[in-house]
Structures are given as C-alpha cells and as structure tokens.
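Each reported figure results from applying straightforward, stated rules to the coordinates on display, with no laboratory input. Treat the numbers as computed from the prediction; the structure is a model and nothing was measured. Reconstructed Cβ throughout: ideal geometry from the backbone, glycine too, with neighbour counts over all protein chains shown.
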Amino acid sequence: MKTSIQSPTVLLGGMLLAGAFAAPCLGAAEAPPATFRDVPFPVIERFENFGQEHGIPHYKVHAVLKTSDGQLWIGTYNGLCQRQPDGTFKRYGPEDGLSHKMAMCLAEDTATGDLWVGTMRGLNRVSGGKITSYTQTSSGLPNNVVYGVDVVGENVWAATAAGTGAMNLKTGEWQIYDHNNSIMHEPWCYSVTHSKDKIFIGVWGGGIVEHDPKRGSFKEYRDPDGDFHYDLVPDDGPINDITSWVNWEDGVLWQSTYFGMSRYDGTGWKTWVEEKSPLLSNFVNFVWPLHRVGWIGSDKGLSVTDGTIWVNYEVGEHDEGIRTIHRPGQPPEVTQMSTALANGFVLGIYVDDDEAWFGTSHGLSRGIFAPYKKPATVAATQP
Amino acid sequence: MNARGFILVSAAAAVAFAGVGGGGYFWSLAHERHWSGHPSLSLVTCNHCHLGNTDKLPWAKPHPKHASPAALAVSADGKRLYIALDELDEVVEADTASAQVLRRAKVPGGPFGLALDDAGERLYVACRQQDRVAVVDTRELKELASVDVGMAPVALALAKSPDGERLIVANSGSDDASVLSLSPLKEIVRPATGREPYALSVSDDGKLAFIVSRLAEREKPRTSGDTSGFPFIVPQTADPYHVMTPPASELTVLFTRSGRVFKRAPLDSAHLSESIASVPARGWMLAPLVKVRNLVPITQVANGWVMSAGFAISDLMGRVIQLPLDEANDYFADPSGIAVDAAGQRAYVASGGSDVISVVDLGRVAAWLVQADAATRQSAIEDLALSSQYVIARVPTGRNPRHVVLSPDGRKLFVSVRLEDKVLVLDTATLKPAGEIALDDGGGSDPIRRGERVFTKAAHTFQRQFSCRSCHPDAHVDGLAYDFDGDGIGDNLLDNRSLQGLAGTAPFKWNGKNLTLQIQCGPRFARVLMRTDAIPPDDLNDLVTYLMAQPPPRTIPFKRLGRPLTPSEDRGRKLFFATQRPEGTPIPRARQCQTCHRPPLFTNRLPSAVGTQGPRDSTDEFDTPHLLGIAASAPYLHDGRARTLEELWTTYQTNDLHGVSSYWSKHQLNDLIAYLKTL
Amino acid sequence: MKTPLFWSLAVALPVSVAAAGYGYVEKPEPPAAEKDDGCASVPVDPALVNTNQTTGATYAEDEYPYYANTPDDMIPFRGVEPYYRYWTKRLPFRGPGRDYPDPPNLKSLKVGLLSPAPYGPEGARGARTKKGVVLAFEEANAARRPGQLPFEIIARDDAPLWGSAANIAVDFADNEVLGFLGTIDGDATHVALRATLKLETYMINTSDPDPTLTETQIPWLTRVFPDDRQQCFRLANLIVKQRDCKRIAILRESSRPGRVGVMHFINYIRRLGFPPVQHLFFKPGDKDITMQIDAIKAAEPDAVLFYGQPDDCGRFVKQLREAGLKRAQFFGFDRLQEASFKENAGAYAEGMTICYFFNPGRPNQVWQDFIARFQNRWGEKPDIYAAYGYDGAKLMLEAIDHAGPNRFRVRDYLAGLNEYDGVTGHMIFDGRWDNIVPITTAHFKDGAWHYDPLPELRRKPVSQTAQATPK
C-alpha cells in the first residue's frame, strides 16, 4: 500500500503548478516598460553584459559584490577585478599579491572598508590598494580552499574545505570549527553568513550549523529525511544536507543546495524543488536575499521569489532572454527579452535597491530594473 | 695505622674515588646525551638545562630609570610644553619661556606619545606599556579618564573636521590603529596598519590620517602567495630566498571619521619611519625613513650602500617619492623626529644616531621637484649629492635626539634629547641653542645608560652610516634578513635576531660561535659590519651591560598579563611539552620541543640540526634561539625564511626534524602557536 | 535454504533488469561462465533484483530508477511515495565550455593522480593503484601515433590532515589537467570532489568505497569501484535472508570510512526487521578491545560484521573466538581478503564470509592478459586496486582521446557512459555514475579464499560502451 504524503503547502504548490502547466501567455518580443505593480520586488527589464572585451580576464565570474563605497568587485577564474569608472575592469592577480588566481567569494568589512577575498589557495585582505594573504601554511586558516567568507564584528570568517576558521582582526588569533569541536557533521564548509547574533555555516553534508558566539553553542539544521534518495516531505527542514550556499537577511535564512532551495523564517521551513515549484533547477549555486526576497542563481538561470510570486530569467536557445512570472493561480507570464543573462549558469549575485549584478560561467551581467517603488528604508551605502 | 695499612687504605680510597669520579663522569655524559639529545657535548654545562628561573638574570633585576624624554607637545599659545617620560611614568609640564619644569604628573603605563587639544585643556597620552590612552586635564595636570586601545600605543593625533572629532592612535604592538570618538571617549574601529605603526599626522582638513610604520614587510619571493603547495609538494630543495623582492614599509592613510582605509602606500626599500609631519601649505606629508638595502652583501658598507637616511614626501593621495638626507661621505643615521613650520618653509629632522638636526629648505625641495622628471624623482633617494640642494644646516644636539616640535610661531624648536634627559630649545632663526629643559642628570653614572648611548651612536660605523639601533630598534628586530657573507653573491641571508631577553642565552650568532657578547659586538663586528675601529673596551662593556638589561619583548596585551592560559594556549602548552603522540608512541627526545627549547628561557643554548639547512648553507646546525617574546620577532629560522610561526611546521618542516608535527591537526598547530605567543 | 521469495526474485531478475531503464530488448548474453570453486554459494543473488514496484513509475531511456541498485525491501520509506525523488535522471552539466578553444602550446595531455599518503595500508594500496595507472599510461603512450600528444601523469600524494586533497585538486587545475584519478580515502575524495565542482575538472574514482561520495550531486565524477553500498545490501541479504541471522553485532573502525561504510548495512538490516544488537567501535591499531568483546558476547549475536583494516579485523576475529564467541557467524568487507587478515586471525579465519568484487583467479582472458602485462611491467601480480586504477586510467585516456583537450567535452564523454568493459569486468553506471555491477562473495575455507561465481549479468554492452580505440 503506497501512501502519498501531501501537506497543505504541497496542495498549494500543486495549484500553482496547475497554473504553470496551463498554456502560458507569451508576451511580445520586447515588452513595453511595465511597472509590475503586483510583483513585490524589482523586475529586471534588461541585461547589460560584460566579458573579456571589458577587461574581465576569464569567462567565469564566481562572485560579485558592490562595496559600501560603491565600488564593484568581481572574483573570476583568473583574478579579482574592480570595475573602473569607464566601465572596464582592472585585474588583480597573484603578481599583485593575491594568493591564487581563482577568486571564489567576497565580503566587505564595512568598518574598515577592507575587502576580503577567498580564493582556491588562501584568504586575502584587499585594503587601500594592498593585498595581504593568509594561507593554511602561513596562518591559522584551516584550509587554503576558501569557498565562503564573511566579516562579523571584529572577526573574519572563512568557510574552507577543512572547517570554518575565524580570525580575530584585533588579536590575529584563529579559531577553527569543524567536526572535532563542534556539532558539525562534516568539516567541508561552503559558506558562512551571520545574523545579528548568530553565525550560520553552510556545510557540505552537514546542512546548516548555527553558532552562537556569545554562548559558544552550536545547533544544526539537517534534512530530516536522512536519506538523499528522496525529499519525503516538503517544508520539513533543509531540503538537503549538501549546502551549496547559505545567506541570512532580515530574519530569514536561505539555503541553496544541489537538491533545491530552503528558507527558514524563524518559525517554519519552506522548501522548493524543480518541477514541483517554479524553481528553475535543483542545482542551485547561490542565493542573495534582499528585503526577504531570494535571488537564486542556478545552473539554469535566475529565480527571484518572495515565496509566493516567482520571476525566472532564462537564456533561450538563441541567446534571447526569457522572463517568466509565476503568480499563484494564474498562468505564467512569459516574456521574451532582447537581452539575456550572459549565461544561464549563475554563480554569484549582488542586488541592491538600484541594480543587480550576476556572475555567470560565461561573463558578468547587470540587471536593469523596470520602474518600481523602492522600499521606504534604504540603508546608507556610503561610508 | 702502619704504612701498609695506609697504602691499602689510600689505594682503596683512590680506587673508590676514581670509580666514583669515572662513574660520575660517564653518568653525566650519558645524562647529558640522554636529556639533550645532542651527541656533541663539549659546550654543555649543568646550567644549560638546569637554569632554575630567570630572577637573577640582569634584565629581571631592577635598574636605574631615567627621564628619557619621548614625545613633546606645545600648547596653542606656545607657553607650555608637555613632555612624556615613559621610563618614569610621568608627564611633565614646562614653561617654554623660562625653560623650567612647572609640574609633574604620574601617568602609569609608560607615557610615550602626546596630543594636546586646541584649547590646551586635554592632553591625550599614549601609554605604551598598558595599552591605553590616558586623558590628562592640563589645569590640574591630572589623569581624568582612560580608554583601552591596541597593544603598545606610541603616538596619537587629534583630527578635527566638520564631520566631528577623532583621536587616532598608532598601536605599535598590534600593528593597527585605534580610531576613537572623543565624546564619548571610546574606540570606534581598529583598522590594520603596516608593521609597527609608530607615528601619525592628520591632514589640515582633518579628514585623513597618515600613519607610518617602523618595520617593513619582510622581503619575499617574487612569486607571491603560498607557493609551497604544502603539504603535498614541500620544496625541500628549493632555495627559499632566491630572487627576493626588497622590503617595503607602509604608509597607511585612513579616513578619520570612519576609520576606513583609504590607501596603503608602500615605502619601497624603506623602514624605520618614526615620525611624520603635515605640510599644509604644500599638501604634503613628510616622513623620515631609512633606505635599507639588506639584500646586497653587507660588504657594501665600505661603499656606503647598506642603509642611508632620507625622507618620504607623500601627497594627500598617498603618492610617495623619497629624497635623501645623507651626503655622499657623511651619513645622518636614525632619522627619528620631524617638525615642519606652519608656512611649509622648513623641516627639521632629528637624527638620533648622529646627534644633529638637519634643516631642510622645503622651498628648494619643491623647486627641485618641479624641475625633475618622473624618473629622476623616483630614483632621487639614491643620489646622495642631492641633499646639498635643500639641506641648509646640520645643527648639533645632545645624545640621541628623538622627538621634535615647533612652537606655534615657529621660532623655537624643542628637541627631546633622550639620552641626556633634557629638552633642547633651538632658536630657529639662528639655529643656535636658546636654552634647555633639564629633566634629570643624564645618567652618566649608569652603565646601562652609557651602554645605550653606545648602542645608538652611529659614529662607530664607517661614515656614520648606522648605529646598532638602526637594525635593532629598541634593541629588538627590524624584521629583515641581511647578507653577511663576504662572498659578494647576495645569498646566505641571516635573520636579524632580537637583542631583547638575551641574558643567559649565550652563545651568540646563528652558528653559536660567539661565547660572549663582547666577542660578538667587538672586533668581529668592526671587521664585518662597522668597517672602522672596534668599539673601545669600556664602551663595549657598557654596551653589553645595556644589552643584558633588556627584557624580552611583551607580546601579550597588558590586561591579559598574569592571567591563566586560555584553553587553546593550554592545549598548546601540552603539545609543546608532549613526550608521546596521542596514541602513545614516544616522541624521540631529540625531537621534543622542550629538549632544545628548554624553559625558563626556552633554549638549551646548543646548536641543533632541525632540517633547515639551505642549499648554500655550510652547516645544518644552528644555534637554538630562545623563545621569549617569539611572537614579536618574525621572521624565523636562521635565514628568516619563515615569515610566520606557522611556516615553521608547514612550509619549512622537514621529516619531523623540527619537532614531531606530522600528526598535528590544524587545531593543534593553532594551539601551539597560541601558546608560543604567550612566552 | 531457498525460499519461495528467492525463487520469485530469481525469476524476476531478468525481467527487472530489462525493465530497469536501458531499454534493452534483446535476450541477454551472459559473459563466459566462471567455474564454481566448490564453495557453498548462491548463484543468483536476490539482492540484485529490483522490480521498481515501489515507485510504480515508468521510465524513459535516459532515466535511472535503480539508484545504486538498492533492493526494494531495503529502500528507505518503501511503500511511501515521497514528495520528490532524486537521481532518476542524470544531472546534466548546463555550463559552457565545450566550444572553448584548446589550450595553446600543449606539450602533453595531462591527467592528475591523487594518491593516498605514501605510508600505512592505504599508502600500500595507493602504490598499487599507481602501478595500474602508470601501466595504462605507458600502454597508451606506446600506442600513440606520430603527431599525437603524449599523455602525462601529474602525480600527487595526499596528506591525511588539513584537507590537503582540495589543495591538490587546485594544483591539478593549475597544471591544467584534463581530468584526474583518485583516491582511496573517502574524506580526501569528498574534499577533492568539492574543489572539482568549482574547478570543473572530471574525476574518475578508482578506489573509494564511501557510498556518500556520489550522493553529492556533482556531475563531474565517475566511480569505477563498486562502493560499500553494494557490499552492504549484499551482506544484509546474505546475513538476514540467507543465513537467517537475527541478532547482528557490528564491530567497526572508529573513523569516517568506518561510519559511512556500515551506515547502509545498518539501515538495510533495520529495514529487514533486525537492527543491530550491538554497534561498537575500535581505533585503528587497538590491541585491547576487551570491553567491546564483553559487550558483543553479552548481546549473544548470531552474526558479527567487521569493518576496518584487515590486520585489525583479523586480530579481533581471533580475540572474539578465543573469548568464547563460538556460535556467531563472522562477515566482513572486501579488505579482509588481504593477507594480513588471515595472518592475524589464524585458524579463526575459517568460516569467514566477505564481499568481494570478483574472483581474482578467474580464467577470463582479458583479466589474465592484464595480469600478464602487469607482471611483466612490475614483477608482481596486480590486486584489485591496481586493476581498478588501470581501468580508471584507461577510461580517462579514452575520454581525452575522444573529446580532445577540453575538460568539458571530456566530462560529457564520461558522464554519458552507461557501461564500460575493463579488465575488472563489465561496468554499469547508474544515475550517479556509480559502477553498480554485481559483485560476489568469498568464503575462507581450508586456509584460502573461495569465491562464488558472479551473479549472472543480464545486460549487454551497447554502442555507448567505451572501448579503447585509439584515434
């Protein structure tokens, strides 16, 4: 006797998908400017793409970050780049002191203006035009392969292939967290982020580890199914233990995996998988939250959602852009865009109230928003 | 007892004595060999291992303290001069007109740097030994408040801009700067600086702070980053110091309001910047420096190319050029202090090693800059003939002028003559002495003080190129390695070792061949380094007395002194003293940390082979350094190849010869290093 | 005793395999039969049967419903239709790169080889793997025609600490390898695999038995080495369903390989209704496990499963028997086949049953030829590690030959394979690129291991099957 498990959320998702599978209404080749009043987050009107002709030294752009002084930085397969006023990119590589050419992740210390760069061989501080590197052989960094970095108070955190390390920027002391001294199931860390008082570590095979630095305590969020074959029940916890990225913003924790997406808002979990939700692909590389909206980079394009409405951006067969808006109970609204993401394999995202940037496997993209009403409270971005 | 009996008894006694003596001899040999793990025992005495404690070492004993004036600050009306006396824990107020001391106030913690507010009501004091800034009410001359900052603050400056007031503090011990708000008095942010930030100055608009660092980043291979590939391709045979980049110290530029870093400008091949002054009229910052050429053979002393004094000019964007202070055949070592008049016409640079004030005509400097092309400007520091175009006078002072400050009207220059316990007052119009403020008797009867005078005196070297202090600021390290070999090849660098905490650690030199400091600093030095006559015997004895009185450097924040070890440090301690691996297999005695680095000095004073022989080293045995204050004396190993402590057991560990580390997790290595930093 | 269930499953096997997704309709042609060594055995293992009745789904040709070939009655949450089912299709790599120009000025076609640290038992196994890999490279290079670039091995030894395998993977990328091979240790392979995903360099694993390795959803990995999951359900089936054991104790190494090695066995026997009565650990090299022995004896097991290095397990088999545990049957994993097990277990090795990949003495011509070539090159017989190392290397070289010096096309070639014929036999890759070919069991009898015949293979090599065909 087989039992089918269906939660109310599933039913809701089913209704949503019923709409998705209904005949989509294809928009004009280039839609007129729209305000998308019912979409509670900015909708991208067009993309501007940047590649090697703009000085980006490699196809692959792993990470993108606009720092609080307005500078745009990207981490590529072949160096760290800073966008110049003329729109070109200036490269910093090993010859400039970067510990390895592959820049994987970026974080800003907003107190000092320093940029921290994780590479495939060490952690780097870019400060005042100078690069200082920290490696596992020359410092307390747990491992040279740094997938994620974050600055929390007076500590810089690095998620590495052999644990997460925290360096106190005042004392230079390192603390390592791994399976030996924390609840961490495996030591293979992919990302690290923070809330006001907690650290969240995305662990490959270990779900999400929450650390309270004041108490020194740990807590973990794991896929309750306990088996990777299935997602037995939706919305019951992290979709999977193989966390590819974790990010926190405004009380909401987002987890991306190669098995789908999860979100925890402090009271309950919500999970999304392809085919059963508008999520473009289960293979999600990155998530960037802003105003409780998740900007989700997968191997198949970009998904943006507040949990109810979804807007997907894909690259068509002829490199055209395809934007699909999924509204509950309505057929998807598909619009062909004359511009598209540089590539559908999205690796890194930065979004603020003015624009969005995407690092892809084949170039950098800037998303230009259609007119929309900006949130009332816009954080100061200048030092 | 008859004769026969006497003979028998004597014979028996002789046999017993011989037995005991011989047995004792062989027992002691075996004992030494067993515990030292060292096959060659000719140097070993009981004291090598059984030094009970450090209480009787010269640096642990009380010794005379002197006024030793450090920083100076003049009130806005020019009437009051404040003097920091770090050795005495005092701040002195003097009347500039009469050159008399008016009041003294106790400010514990080694007051070293001073900053006075515009109203002259608050004196901010950097207390080097207690990692704090004290606020002194100048009306009462009494400490009002205190705020903790980074380690070993030595200089501070007020920044007043339309955005608000800030106090910026250079923390020489923690390589950072504290940015403080004044109301409330608290630290806002602590950005990293270069190594050992030592002085700072604020731009005229109060928006930017320029911080110079005393030490350079160590020279490194041209291919940057972690090139070793540890742990899978440890380059055991690689030459760790081929094709080095020259060292560079850092000029750090901060936004004063936010404390964010605007720029880190390298001062190429330069270090030992101990002061910086703003030239508002020209939009410059001026910082004295020592141009160091440690990568060329030290034999070049005779050719005048190892180090020379100069100064950096930075614009407000942090773009830097360097100009010489020295002359082709006369050097003005250890440029320590600088002051610039309000009009930007003259700069006064104190040369602590040469006991002179060099007067620089900034107008001529500006004129030269205008006519020189970019290439000429960039290479100007190499042209020792150039200084004659703008250095208009060399004014003698007393021994070891360190800090200088001008009266607001620019007519008086106050010079802290540190090793004569006085402040010299110079008339800037005549460049003649206009008086002096005596703070103590000069300490001439104290051999330690006399020794420090020898230590800081450049006259002992050929053409007065440098003093002992030029490489050993505060008798510590400059963080560089030098080429001492006379082969002229430019390899076989030797790491500069700290002179702090030296007592009880003989022999000296990396090969351990100098049994005493008299040998180390005497004729051999004259031949290799100074290239002139050896230091006279009496001076040499004073010098040794001074060196032996230098305690190990402090590497722990003041507020943590005396506290128990943290869990991590304690785990590191256990690792340091481990005699077996976790699974119970013994660690060979010769490879236990404590065997060679035996407490309390953490050296057994014997040469050891720990797998660090370089491709052109003639031996694999090197003197075992003591570990007191080891955290503050990077780089490490005899040739300074290890830039951090971690590299000792990663990049430069060979077959577990330098301690058995192959079983360590990264946790354990971090624990061990945490422990070493407490020594 | 052959139960009705056995017979029904035995009959169902060909049906199920044919329905399993490859769409082969021809009557299967089994490979040449191997001689039964006379040992008690079960010629067809019901554990291989998968009827897909659980899912009730029908699958298209590109679907892979038989993840890891897990038998129906050992599948988690059987009888429940999950909200979402993974690995029914192979994950595509949707990134760019296939049309990127070839690297300029190539002098060789580089392949990385990540070996375990060169000491200890894993070091010895890694050294044997390396010999197999080197032989494959030497043969391939000898067969190169004029103008063809030679293959080159970029060899690196792992270090057991600090996640060095990740650094090595980066080093491979810095050396511009077109793919890499390795390694034994599950930790190291996981770490390297994570880096591989970012570096986009294909990995062929030749010796890591960690079942979780391929569960990470990384489309840059093929494993030619049958993993511990295969052994787990074989052993679970053997112990519970064929030997009728109900009180099963587990004594395993306290390590990550130990933990994940028996993880699925525990799940399987629990799902069969008989969770372990004891699950105890030992540290590698432990001499005294009195406490564990006492606990096992107190549990009165009828079966004990050992997981660990063969010398440790051999010692503990002896100690358990000498402590009076006479009745329980002893089982183990493949490594107990190594000599140090029987050396330490002595006479108590008799009656031991383990899983093993195939009979190393089998008369198969391909296998025998390989043994001859290997012996000629290295002066010794190849073991399982050398053989899978050889196969992995051949497969990688074949992919490079086929795809040219482009990592993405190499990936596509390897990730597109369903089957491959190597010296170790026929391989079948599932939806996670795991080799799920049936493996066998072995019994220690009269001082030697006796191998059961391989269960009949009901699949036929098809056109997609890779063959060493030099261009």
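With a Cα cut-off of under 13 Å and a minimum spacing of 8 residues unless on different chains, the lysine pairs in region C:229-356 number 4.
Would any residue of region B:296-321 have its amide N under 13 Å from a label point 7 Å out along Cα→Cβ of B:Trp368? List them or say none. Residues B:309-313, B:321 qualify, since their backbone N sits under 13 Å from the label point.
Which residue, A:Glu48, A:Glu173, A:Glu355, tops the fluctuation ranking in a GNM of chain A built on C-alpha contacts under 10 Å? Result: A:Glu173 has the largest fluctuation of those listed. Here each label is just a point 7 Å from Cα along the line to Cβ, and for A:Asp227 and C:Glu152 those points are 4.8 nm apart. Between B:Val9 and C:Lys89, the simple label model (points 7 Å from Cα in the Cβ direction) yields a spacing of 11.0 nm.
If we count every other residue with Cβ under 12 angstrom of A:Pro187's Cβ, Lys/Arg +1 and Asp/Glu -1, where does the sum land? So the surrounding residues net to 0.
For C:His279 and C:Arg373, a Förster radius of 56 Å and the Cβ-Cβ distance give a FRET efficiency of 0.80, rounded to the nearest 0.05. Here region B:90-126 is scanned for amide nitrogen atoms under 17 Å from the site 7 Å beyond the Cα of B:Arg139 along Cα-to-Cβ, giving B:117-124. Neighbours of B:Ala632, meaning other residues whose beta-carbon lies under 11 angstrom from its beta-carbon, give a summed charge of 0 when Lys and Arg score +1 and Asp and Glu score -1.
Excluding same-chain neighbours fewer than eight residues apart, the lysines reachable from C:Lys107 by a Cα-Cα span under 22 Å are C:Lys394, C:Lys471. Gain in length, B:Asp205 to B:Leu29, computed as 0.36 nm per residue apart minus the alpha-carbon separation, to one decimal in nm? Taking 0.36 nm per residue and subtracting the Cα distance, the gain is 56.2 nm. GNM on chain A, alpha-carbon springs under 10 angstrom: the most fluctuating residue among A:Gly206, A:Gly268, A:Gly148 is A:Gly268. With contacts taken as Cα pairs under 8 Å and at least 6 residues apart, region B:521-602 reaches a relative contact order of 13 percent. Computed from the Cβ-Cβ distance with R0 of 30 Å, the FRET efficiency linking B:Asn655 to B:Phe577 stands at 0.85.
Restricting to DSSP H runs of at least four residues, report the calculated mean residue ellipticity at 222 nm for chain B, -39500 (n - 2.57) per run over all residues, nearest 500 deg cm²/dmol. Show your work: numbers first, answer last.
Values: 12 runs with 112 residues, N = 679.
Computed mean residue ellipticity for chain B: -4500 deg cm²/dmol.
Taking the alpha-carbon centroid of each part, what is the distance from region B:659-674 to region C:185-212 in angstrom? The two parts, judged by their Cα centres, are 27 Å apart. How much FRET efficiency would the formula 1/(1 + (r/R0)^6) give for C:Tyr100 and B:Phe17, where r is the Cβ-Cβ distance and R0 is 60 Å, rounded to 0.05? That pair, C:Tyr100 with B:Phe17, gives E of 0.10. Farthest toward the positive end of the dipole of chain A, out of A:Ser361, A:Phe36, A:Gly140, is the Cα of A:Gly140, where the dipole comes from beta carbon charges about the Cα centre.
Over 26 Å between C-alpha atoms is what I'm after, so list which of A:Lys60/A:Lys300; B:Lys574/B:Lys666; A:Lys196/A:Lys300; B:Lys263/B:Lys291 land there. A:Lys196/A:Lys300, as the Cα separations exceed 26 Å there.
Pairs of Cα atoms under 8 Å, at least six residues apart: use those to get the relative contact order of region A:198-249, whole percent. Working shown, then result.
Values: 90 pairs, mean separation 20.3, N = 52.
The value is 39 percent.
Take every Cα pair under 8 Å in region A:8-369 that's 6+ residues apart, average their separations, divide by the length, and report that relative contact order as a whole percent.
About 16 percent, as a whole number.
Centre-to-centre separation between the Cα atoms of region A:151-169 and those of region A:64-137: 16 Å. The C-alpha atoms of chain B define a longest principal axis, and helix B:362-371 lies at about 90 degrees to it. For region B:543-574, backbone nitrogen atoms closer than 11 Å to the point 7 Å from B:Ala60 Cα along Cα-to-C-beta are found at no residue. Placing +1 on each Lys and Arg Cβ and -1 on each Asp and Glu Cβ, with no other charges, gives chain B a dipole about its Cα centre of roughly 1200 debye.
Close lysine pairs were tallied over region B:45-184: pairs 8 or more places apart or on different chains with Cα atoms under 20 Å apart number 4.
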